[in-house]
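Q: Shown below is the structure under consideration.
The values are calculated or read from the model by the stated rules, or taken from the named source; none is laboratory data. Here the structure is a predicted model, which means the values were calculated and not measured. Glycine gets a Cβ as well: all are built from the backbone with ideal geometry, and neighbour counts include every protein chain shown. Heavy atoms of the whole protein, side chains included, go into the accessibility calculation; ligands, DNA and RNA do not. Shrake-Rupley method; radii C 1.70, N 1.55, O 1.52, S 1.80 Å.
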Amino acid sequence: MALDPADFTKCCKNSGVLMVVKCRKENSALKECLTAYYNDPAFHEECKMEYLKEREEFRKTGIPAKERLQKVPTSM
């Protein structure tokens, strides 16, 4: 049974300083999950296209994506 990557966070919060020893199983599961994405060419391409789209938009507007995505108040 595969562990949810959120299990690592939960384990660390519950274990405090001893997380290095107590959360080895969860850490291994998290690394396995991340490695699968890291080695997936389709995921790499998806991330690259998202980055290029945001970079193009920034070059057009000069506004970073983070600021563009913030909600603007409708009434003042």
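Q: Rounded to a whole number, what % of the accessible area of the chain do carbon and sulfur atoms account for, probe 1.4 Å?
A: Details: 4170 of 7090 Å².
Reported share for carbon and sulfur atoms: 59 percent.
Q: What residue among H44, V20, A6 has its Cα farthest toward the positive end of the dipole of the chain, where the charges are +1 on Lys, Arg and -1 on Asp, Glu, each on the Cβ?
A: Farthest towards the positive end: V20.
Q: Using alpha carbons only, how many degrees (0 to 90, rounded to 10) separate the axis of helix 6-15 from the longest principal axis of the chain?
A: Helix 6-15 sits at roughly 60 degrees to that axis.
Q: With a probe of 1.4 Å, find how much accessible area the chain has per residue, and write the answer as a whole number in Å². List each step's numbers first, then the result.
A: On the way: 7090 Å² over 76 residues.
On a per-residue basis, 93 Å².
Q: Taking K and R as +1 and D and E as -1, what net charge do the other residues with C-beta under 15 Å from the C-beta of D4 add up to? List each step's numbers first, then the result.
A: Numbers: positive: K10, K13, K25, K31; negative: D7, E26, E32.
It works out to a net charge of +1.
Q: Which three extents, in whole angstrom, do the alpha-carbon atoms of the chain cover along their principal axes, largest first?
A: Ordered largest first, the chain gives principal extents of 49, 39, 21 Å.
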